[in-house]
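Q: One structure, as structure tokens, below. Some questions next.
The values are calculated or read from the model by the stated rules, or taken from the named source; none is laboratory data. In this text, all values refer to a predicted model and were calculated from it rather than measured experimentally. Methodologically, a virtual Cβ is constructed for each residue, glycine included, from the backbone with ideal geometry; neighbour enumeration extends over all protein chains shown.
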Amino acid sequence: MLQALDWLPHSACLWTPLPQPGLDAALHADEAALIADVAPRRRAHFAAGRACAHAALNAIGRDVDVLLRSVDGAPLWPNGVTGSISHCPDAAVAIAADSAHWTALGIDVESDRALPDDAAEYVLSAVERERLAALPGGLARWALSAFAAKECVHKCVHPLGGAFLEFDEVAIHFSFDTAADQAARFTVEPLSVKARIALAGLEWRGKLRRQDGLLFSLLAGR
């Protein structure tokens, strides 16, 4: 069952919990060919992501019969459309918008659990970990959020100019209304010349939402 996330103007965002049996049967033959040799679990995740993407495209009046992918694995959206797909063991999500409204979109979904310490050390600098530890809920609550936000950064900037940013090339800063708030906003601080170039020229909007045991993150630029 696909569900809507209404959190960005002039866009459509759909998600579905996993597992969701039977979605692979709805794949176009050319889409199914992309995952002919993968394990059933990965096939199910791909099918759920494509189902969300087609629903989002349909909602903005731009659906196509088949949504293929580039050599680096990114979805090949129709001309004039910006979009992003993500999945984790528990859910899949996709967002699409007319590129006249949004130049870049990056979405991520994660199972809302604490990021292991070794992963947090890899993704976050000591300064970032110290800053996040001071937020309500501490590092256990915010390390995964920062990781997810950085995943969104990559999904935004790579299609724009081919840049691949390492985790240590950007820092994430969160803000929220109350300590119990399930929604937060984030900004991206470029820490390298490459990151400053990749992020330059657009107005960026970062959002974070926790619901149903999931962590959704979105970065949008225009």
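Q: Among the residues of region 11-23, write down those that are more than 17 Å from the chain's Cα centre (by Cα) and either on the phi > 0 side of the Ramachandran plot or surrounded by fewer than 19 Cβ atoms within 10 Å (Cβ to Cβ) (or both).
A: 19, 20, 21, 22
Q: Quick one: in region 201-222, which of the residues that are farther than 22 Å from residue 103 by Cα and not charged (D, E, K, R) is surrounded by the fewest Cβ atoms within 10 Å (Cβ to Cβ)?
A: Here the residue is 213.
Q: Residues in region 63-85: is at least one at pLDDT 95 or above, of a type in the set (Val, Ile, Thr) and within 15 Å of the chain's Cα centre (by Cα)?
A: yes
Q: Quick one: count up the residues across region 13-36 that are without any contact (Cβ under 8 Å) to a residue 24 or more places away in the chain and either part of a loop (DSSP other than H, G, I, E, B) or touching a Lys or Arg at 6+ places or on another chain (Cβ under 9 Å) (or both).
A: Result for region 13-36: 7.
Q: Check 171, 183, 143 and return the single one that is out of contact with any Pro (no Cβ under 6 Å at 6 or more places or on another chain), among the aliphatic types (A, V, I, L, M) and within 24 Å of residue 16 (Cβ to Cβ). Spell out how you get there, then give the answer.
A: Working: 171 fails: within 24 Å of residue 16 (Cβ to Cβ); 143 fails: within 24 Å of residue 16 (Cβ to Cβ).
Every option except 183 fails the conditions.
Q: Something else now. Taking the stated definitions as given, is residue 151 out of contact with any helix residue (DSSP H, G or I) (no Cβ under 9 Å at 6 or more places or on another chain), free of Cβ contacts under 8 Å to residues at least 24 places away in the same chain and either under 22 Å from residue 11 (Cβ atoms) or not charged (D, E, K, R) (or both)?
A: no
Q: Additional query: Just to be sure, is residue 135 in a loop (DSSP other than H, G, I, E, B), farther than 30 Å from residue 21 by Cα, in contact (Cβ under 8 Å) with a residue 12 or more places away in the chain and not assigned by TED's automatic domain parsing to the domain that holds residue 24? Before you say what the answer is, go through the steps one by one.
A: On the way: in a loop (DSSP other than H, G, I, E, B): yes; farther than 30 Å from residue 21 by Cα: yes; in contact (Cβ under 8 Å) with a residue 12 or more places away in the chain: yes; not assigned by TED's automatic domain parsing to the domain that holds residue 24: yes.
Taking the combined requirement at face value, the residue satisfies it.
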